[in-house]
Amino acid sequence: MVLRKKLFAALVALCAAGPALAQECGNDFEVWRRGVVDEARQAGVGEKGLSALANASVDPEVLKRDRAQGVFSQTFIEFSGRMINDYRLKNGAANLKKHADVFERADKEFGVQGPVIAAFWALETDFGAVQGNFNSLNALVTLASDCRRPEIFRPQLVPLLTLIDRGVLPADVKGAWAGEVGQTQLLPSDYLARGVDGDGDGIVDLRNSVPDVIMSTASKLQSRGWKRDEPWLQEVRVPEEMPWEETGRTNKLPLAQWAGWGVTNRDGSPLADNGLKAGLVLPMGRKGPAFLAYDNYDIYLQWNQSATYTLTAAHLASRLAGDPAFDRRNPEEGLGLEGMKVLQRKLVEKGYDVGKVDGILGVNTREAVRQEQKRLGFPVDGWPTPALLANI
């Protein structure tokens, strides 16, 4: 607990550094590095951390990974079918049993249910087996000095240098290509501020200590707003017709309202009003899988902004909590990667902000699709089809 307080105080000090956190990129690398050195010194990083920064370098492979995230162009059925496999289900159940006492502590202290933590643990590193082989400091130096997304990665540099300077992590620590570290792949700022010494040895070791991993992951989720004892996702069945324009994660309504429109439990039984509100998520349109997403589901999006990953992680947690595999139903034909790019270009021409034309059905693209469906008189379910593309 003392270590946690010290780490949190350090992060507060970093955040108070002020203008030194300005996001600079695209300059001469050595000039850019000197700016980071000044920022780190102001935050109290000593010679050990600064020496590690002096030896850091740009990794071209990291840039390649950053530009090639085509896995998220897969549909929810494709992606979840690959990621929710027998190995993760079997070992997830085994770990929940093996470490039941730690999961119980995490639930008691942070209000985060064991299956939720276990699902992230499974998806991120297969329970610690595959933690990544990229030099974490090089990865963050690369992404922070690159001009594509420096605002995301520059704030992670000083926390990592602080962890290295204090001996919590070695200078050559390895992790994911985007700079995450440990068995649930936390970014350095979360490691620093939310790391918990779960095994009581005085060290927060997210690479080797399972208790530290479980408790720190729960701490991170709680810090993002996780609501104790509340659900995150519930599979449902939708009727042939209903006000589709009312669907979507952000349009949260009482379950009584969804029931009034004909939404039922998966088995067809009536929805029981639990006093909470939820949005109706249709990842592949009104004829595909259907889920009610509660406030806790939004926390998943703070972990990973990919809607496909988010829904997969939430459903895996439900599976580990005892739910069956979701009903795939019979979704309408969607668009492939190139078709999605054509659609995105057409949407951009119409004035929509879809972000990068990458063939990925992200939040902005899906919202633009809904707007066009409404304009054309199509069911507003956010699923782009060849028929929609032909009419735009």
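One table, with the values for the structure above:
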{"quantity": "Heavy atoms of ARG237 accessible to a 1.4 Å probe, total area in Å² rounded to 10", "calculated": "120"}
{"quantity": "Most positive-pole-ward Cα, ALA94, ALA43, PHE79, against dipole of the range 35-96 from beta carbon charges", "calculated": "ALA94"}
{"quantity": "Rg [Å, one decimal], Dmax [Å, integer] - the range 300-392, C-alpha atoms", "calculated": "14.9, 46"}
{"quantity": "HN-Hα J in Hz across the range 242-251 - Karplus 6.51, -1.76, 1.60, θ = phi - 60°, x for Gly and Pro", "calculated": "6, x, 4, 5, 7, 7, x, 4, 7, 8"}
{"quantity": "Using alpha-carbon coordinates, inclination of helix 136-145 to the longest axis of the chain, degrees", "calculated": "70"}
{"quantity": "For LEU186, distant residues with modelled amide H under 5 Å away", "calculated": "VAL181"}
{"quantity": "Cα coordinate range in the range 91-146, projected on the principal axes (Å, largest first)", "calculated": "41, 23, 13"}
{"quantity": "Dipole moment magnitude, nearest 20 debye, the chain about Cα centre, only Lys, Arg, Asp, Glu C-beta charged", "calculated": "200"}
{"quantity": "For GLY359, distant residues with modelled amide H under 5 Å away", "calculated": "LYS341"}
{"quantity": "Amide hydrogen neighbours beyond the local backbone of LEU233, cut-off 5 Å, H modeled", "calculated": "TYR294"}
{"quantity": "Portion, in percent, of the accessible area of the range 87-223 that falls on carbon or sulfur, probe 1.4 Å", "calculated": "48"}
{"quantity": "Protein-only accessible surface order, largest first, of GLU230, GLU333 at 1.4 Å", "calculated": "GLU333, GLU230"}
{"quantity": "Where only alpha carbons of the range 38-110 are counted, the Rg and the Dmax (Å)", "calculated": "21.0, 50"}
{"quantity": "Bins of 10 Å from zero: percent of alpha-carbon pairs in the range 185-235", "calculated": "27, 45, 23, 5, 0"}
{"quantity": "Theoretical ellipticity at 222 nm over the chain - DSSP helices of four or more residues, -39500 (n - 2.57) apiece, nearest 500", "calculated": "-15000 deg cm²/dmol"}
{"quantity": "Degrees between helix 29-42 axis and first principal axis of the chain (Cα, 0 to 90, nearest 10)", "calculated": "80"}
{"quantity": "Degrees between helix 210-223 axis and first principal axis of the chain (Cα, 0 to 90, nearest 10)", "calculated": "60"}
{"quantity": "The range 270-311, accessible surface, carbon-and-sulfur percent (1.4 angstrom probe)", "calculated": "47"}
{"quantity": "Karplus 3J(HN,Hα) series, Hz, for the range 263-272 with 6.51 cos²θ - 1.76 cosθ + 1.60 (x for Gly, Pro)", "calculated": "6, 10, 4, 3, 7, x, 6, x, 5, 9"}
{"quantity": "Per-residue ³J(HN,Hα) for the range 153-167, Karplus 6.51 cos²θ - 1.76 cosθ + 1.60, θ = phi - 60°, Hz, x for Gly and Pro", "calculated": "9, 4, x, 8, 5, 5, x, 5, 4, 5, 4, 5, 4, 8, x"}
{"quantity": "Surface accessible to a 1.4 Å probe, per residue, for the residues of the chain, Å²", "calculated": "44"}
{"quantity": "Cα coordinate range in the range 159-245, projected on the principal axes (Å, largest first)", "calculated": "60, 29, 19"}
{"quantity": "Cα Rg, Dmax, the range 86-189, angstrom units", "calculated": "15.7, 45"}
{"quantity": "CYS25, CYS147, ranked by accessible area, largest first (probe 1.4 Å)", "calculated": "CYS147, CYS25"}
{"quantity": "Cα extents of the chain along the three principal axes, largest first (Å)", "calculated": "65, 52, 35"}
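The values are calculated or read from the model by the stated rules, or taken from the named source; none is laboratory data. This is a predicted model, so every value here is computed, not measured. In this analysis, Cβ positions are derived from the backbone assuming ideal geometry, glycine residues included, and neighbour counts consider all displayed protein chains. These accessible areas exclude ligands, DNA and RNA; they are computed on the full protein's heavy atoms, side chains included. Shrake-Rupley method; radii C 1.70, N 1.55, O 1.52, S 1.80 Å.
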